[in-house]
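Before any comments, here is the structure.
Read-outs: derived from the displayed coordinates by stated rules, not from any lab. None of these values were measured; they are calculated from a predicted model. Glycine gets a Cβ as well: all are built from the backbone with ideal geometry, and neighbour counts include every protein chain shown.
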Amino acid sequence: MIDIRNIDEENAKKQLEFLAKEIEKADIAYYQNDEPYLDDAKYDELRHLNNALEAKFPHLIREDSPSRRVGAKVKSEFKKVELNVPMLSLADIFNDDELHDFVLSIKRFLNTNEDISFSAEPKMDGLSFSAMYEKGVFVRGSTRGDGKIGEDITENLKVIKGFPLYLEGEVPEIFEVRGEVFMSKSDFLALNEANEKSNKKLFANPRNAAAGSLRQLDARITEKRNLSFVVYTWGEVSKVVWNSQEEFLEFVKGLSFPVNPYNKICKCEKDLLNSFKELIENRAQLPYDIDGIVYKVNDLELQKRLGFLTRTPRWAVAHKFPAEKAITRLNNIRIQVGRTGALTPVADLEPVNVGGVLVSHATLHNEDEIKRKDIRIGDMVVVQRAGDVIPQIIEVLFDKRDKDLEEFKFPEFCPECGAHAIREEDEAIRRCTGGLTCPQQAVERLKHFVSREAFNIEGLGDKVIEEFYKDNIIKTPFDIFTLEERNRPRDLFSFEESLGLEKREGWGTKSVGKLFEAINKSKKISLQKFIYALGIRQVGVATAYLIAKYYHNFRDFMNAMIEKDIALLISIDGIGSQMALDIVEFFKEQHNLDVIDKLIKVVEIEDFNEVINEASKLTGKTIVFTGTLTKFTRNEAKSIALSNGAKVSSSVSGATDFVVAGESAGSKLKKAEELGITVLTEDEFEEMTV
Ligand code: IVH
């Protein structure tokens, strides 16, 4: 976490830009794809940092600041639902002091010294929903979406057990209830077990399972999953017939909506603290996941006076649970070898229950981390699990250490192939120098090559790759594409034998046929996936996309790399110099070029295709923007250029076609003039676009 006390404005600006992008990415992964990659604690930390920076530099708050929106835009396939009363989020607090500040700020705002009553409710870890009833009939269901526009999940809510389609008794004509849909821990485990057996995707946690089950375009799938729900608040209502949160909960209970039995009224701050402690103690025993406790001012009159901040109510807050910990013995430190030769230490632990989950491995990050914490095999250690992340060892209990435990020595040779493992200066990671002669690196590269974001070959899972490698059936990516040929039955006089894959254990004619089908299908591949599949160090999905977008076809990219055109590569927004060096390095290796050579003969790499307007004069041109633009924002100008088929670069070089110069342009304009590059005004640029 950076220290914001001494941060200067320029740095703050950079941080805010980074945070806006990072939080948006995390939001999309979490809300739209149900596949979070940041753990909750890290995510909260980013949001906190963003808020703190904005509080310090309010004039730097960005248009696209995460503080200006809730959640993420909706997945497009769902019908949209406009939410007349927005579904908001809650501010988070993490400790007793922050709770004290929360209560105090409310008292100050209301100008009172008297105790305030709160409704304290378990914070359900599922996904929020809204359900509209008109004249007592359920008419529309929605997810939170971005808070103002949600996804239509009417049919999905209808198939949840116990979901009321009609309300009996007196209810307001327009009555929108809101709450949480979730999956119990046991239903989650059962679902994953069944999915594992049928080779389907496993969910990371009950929350993702609930989200993945509810947000199905085909409600018959939702129906097959066991989902539950509770109601905890309301949205649009024609007449509010309750005076407090407590009365609301009673009211909906009377209408047969489930409400959480642990909801509790607390009369003062001490009560709040007690209910928090009580819930933490009972957390593991609850049949569903909760990630904290929500405190809401009980009295509606007071709620109304307190009102809202931009994104959150002033009258409520979420008190999050700390990460869960346990003590166990470190049985071994195992060294794993990755695709790029990185040696990663993994802790094998005496299995221990951490907040309801059996943990037997933990990450150790790297060599320095082990040294810094002086972690030794045989130590008793504190293990922490936060959210969905891999558990971590946070400390060693030195007073429990046996006298004769030896300091851990990180291997200087690869445990898989015996080659030297070296650590470059300034690098945290030690790497095996065996390259493709290291069987483990070769296997990991193959796994990467066939993975979903790359060639996506179903049937070549990790186990199969390992076996085929061991038995000399697949040694390099190219071997995948000769598999069918090598498996063909041979005539009597042939020298080579058929591979006879169908005779292998676990295989038959049908599954082998299916595998070939999958391999053949994969031969047609998009440029970005192909680049990603190569397994170049540091080149993940996003970078591969940037490269594809920039070079459009593989030949151009490869030629530029062989000519070591680093300058151009670095000019791509999002590619730094270290990354560029790694990319060029990859193309220096003859064995990589050999594999690529063979591959491009058998696969069809599709050029990067973006819908571009061929009529534009900017198609295929490289543009640099400089100076202060007055007609557009930088991002706008960039996106106009991109959608006109141009490439946008941040530095002027011989490859630049146009420089668009705004007010007070400096060195780039000068360079353009020196190089004789056409300089455009904003108006001229606009005229060239379509
Ligand atoms: S009240 C304006 N009550 O937490 C406040 N939210 O961070 C509306 N949540 O989006 C929310 N349990 O998904 C409320 N008892 C509870 C809750 C709860 C879980 C979730 C909900 C909301 C998020 C806010």
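Starting from one equal scatterer on each C-alpha and no solvent at all, send me the Debye-based log10 I(q)/I(0) for the stretch 635-690 at q = 0.15, 0.24, 0.31 Å⁻¹, two decimals.
Here log10 of I(q) over I(0) equals -0.40, -1.04, -1.44.
Within the stretch 307-336, whose backbone N sits under 16 Å from a point 7 Å along Cα→Cβ of residue 105?
Backbone N within reach: 307-320.
For residue 308, enumerate residues with amide H under 5 Å from its amide H, sequence gap 5+ or separate chain, H modeled in the peptide plane.
Residues meeting the criterion, in which the H sits 1.01 Å from N, are 314.
Which number comes out as Rg/Rh for the stretch 154-208 once both Rg and the Kirkwood Rh are worked out on C-alpha atoms? Mind showing how you got there, number by number?
Working: Rg = 16.1 Å, Rh = 14.1 Å.
Rounded to two decimals, Rg over Rh is 1.14.
Relative contact order of the chain, please, whole-number percent, based on alpha carbon pairs below 8 angstrom and at least 6 residues apart. Intermediate results must be reported in sequence, preceding the final value.
On the way: 1172 pairs, mean separation 57.4, N = 690.
Dividing the mean separation by the residue count of the chain yields 8 percent.
Using Cα positions and a limit of under 16 Å, work out the aspartates and glutamates in reach of residue 224, with same-chain residues fewer than 8 apart set aside.
Within the straight-line cut-off, residue 224 pairs with 155, 187, 193.
In terms of modelled amide H atoms, which long-range or inter-chain residues lie less than 5 Å from the amide H of residue 336?
Placed amide hydrogens put 344, 346 under 5 Å from residue 336.
Within straight cross-link reach of residue 21, meaning Cα distance under 13 Å, which aspartates and glutamates are found once same-chain residues fewer than 8 apart are removed?
Those aspartates and glutamates meeting the cut-off are 63, 64.
Using a Förster radius of 56 Å, what is the FRET efficiency between residue 651 and residue 466 based on their Cβ-Cβ separation? Nearest 0.05, please.
Working: r = 45 Å, r/R0 = 0.80.
That gives a FRET efficiency of 0.80.
Please list, by residue number, every one of the chymotrypsin sites (Phe, Trp or Tyr not before Pro) in the stretch 490-553 that is coil in DSSP and has at most 10 other beta-carbon atoms within 10 Å.
On the way: sites: 493, 495, 507, 516, 530, 532, 545, 550, 551; in loops: 493, 495, 507.
Those satisfying the criteria are 493, 495.
Students often forget the sequence filter, so: which lysines lie under 23 Å Cα-Cα from residue 403 once same-chain residues fewer than 8 apart are removed?
Leaving aside lysines fewer than 8 places away in the same chain, those within reach of residue 403 are 371, 373.
If you line up the long axis of helix 439-450 against the longest principal axis of the chain, both from Cα atoms, how many degrees apart are they, to the nearest 10?
Its long axis makes an angle of about 70 degrees.
Can you tell me the mean projection area, over all orientations, of the convex hull of the stretch 467-602's alpha carbons? Units nm², please. Numbers along the way, then the final one.
Values: hull surface 39.5 nm².
That works out to 9.9 nm², a quarter of the Cα hull's surface.
Are there cysteines in the chain with no other Cys C-beta under 4.7 Å, and if so, which?
Cysteines of the chain left without a disulfide-compatible partner: 266, 268.
Across bins of 5 angstrom width beginning at 0, how are the C-alpha pair distances of the stretch 302-442 distributed, in whole percent?
Per 5 Å bin, starting at 0, the Cα pair percentages come out as 2, 9, 16, 15, 14, 12, 10, 6, 5, 4, 4, 3, 1, 1, 0.
Along Cα→Cβ, 7 Å out, is where each label goes; now give me the distance between the ones at residue 220 and residue 405 in nm to one decimal.
In this crude spin-label approximation the distance works out to 5.7 nm.
Which semi-axis lengths, in whole Å and largest first, follow from the square roots of five times the eigenvalues of the Cα gyration tensor of the chain?
Numbers: eigenvalues 438, 253, 169 Å².
Over the Cα atoms of the chain, the ellipsoid semi-axes are 47, 36, 29 Å.
Taking the Cβ-Cβ separation of residue 394 and residue 190 as r and a Förster radius of 22 Å, what is the calculated FRET efficiency to the nearest 0.05?
On the way: r = 32 Å, r/R0 = 1.45.
Once rounded, the FRET efficiency stands at 0.10.
Could you work out how far apart the two model spin labels at residue 631 and residue 301 are, taking each label as a point 7 Å from the Cα in the direction of the beta carbon, and quote it in nm?
It works out to 5.9 nm between the two label points.
Using every pair of alpha-carbon atoms in the stretch 116-274, split the distances into 5 Å bins beginning at 0 and state the percent of pairs per bin, rounded to integers.
2, 9, 17, 20, 18, 15, 10, 6, 3, 1, 0
For the stretch 1-140, what value does the Rg/Rh ratio take when both radii are computed over Cα atoms and Rh is the Kirkwood radius, given to two decimals?
On the way: Rg = 18.5 Å, Rh = 18.2 Å.
In the stretch 1-140, Rg relative to Rh is 1.02.
Could you bin all the Cα-Cα distances of the stretch 343-414 into 5 Å bins starting at 0 and give me the percent of pairs in each, rounded to whole numbers?
Using 5 Å bins, I get a P(r) of 3, 15, 28, 24, 18, 9, 3, 0 for the stretch 343-414.
Once every DSSP H run of n ≥ 4 in the chain is given -39500 (n - 2.57) and the sum is divided by its residues, what mean residue ellipticity at 222 nm do you get, rounded to the nearest 500 deg cm²/dmol? Before the final figure, lay out each step's value.
Values: 25 runs with 249 residues, N = 690.
Per the formula, -10500 deg cm²/dmol.
In this model, which of 267/304; 148/325; 470/588 are farther than 30 Å apart at the alpha-carbon? Numbers along the way, then the final one.
Working: 267/304 19 Å; 148/325 38 Å; 470/588 28 Å.
Beyond 30 Å: 148/325.
Alpha carbon centre of the stretch 7-24 versus the stretch 87-124: separation in Å?
Taking the Cα centre of the stretch 87-124 as reference, the centre of the stretch 7-24 is 29 Å away.
The stretch 80-131: which GluC sites (Glu not before Pro) are DSSP loop and have at most 15 other beta-carbon atoms within 10 angstrom? If you can, show how the numbers build up before the last one.
Working: sites: 82, 98, 114; in loops: 114.
Within the stretch 80-131, the qualifying GluC sites (Glu not before Pro) (loop, at most 15 other Cβ atoms within 10 Å) are 114.
Once both axes come from the Cα atoms, what is the angle between helix 185-197 and the longest principal axis of the chain, in degrees from 0 to 90, rounded to 10?
Around 20 degrees separate the two axes.
If you project the alpha carbons of the stretch 203-282 onto their three principal axes, what span does each projection cover, largest first, in Å?
46, 39, 19
Can you list the HN-Hα couplings for the stretch 166-177, worked out from phi with the Karplus curve (6.51, -1.76, 1.60; θ = phi - 60°), rounded to whole Hz and with x for Gly and Pro?
Once rounded to whole Hz, the list reads 10, 10, 8, x, 7, 9, x, 4, 10, 9, 10, 9.
May I ask for the net charge around residue 338, where only other residues with Cβ less than 11 Å from the Cβ of residue 338 are counted and Lys, Arg are +1 while Asp, Glu are -1?
Numbers: positive: 339, 431, 445, 447, 537; negative: 416, 444.
That works out to +3.
Angle check, please: helix 634-643 long axis (alpha carbons) against the longest principal axis of the chain (alpha carbons), in degrees 0 to 90, nearest 10.
50 degrees
Along the charge dipole of the chain, Cβ charges K/R +1 and D/E -1, which of 258, 53, 119 sits furthest on the positive end?
It is 258.
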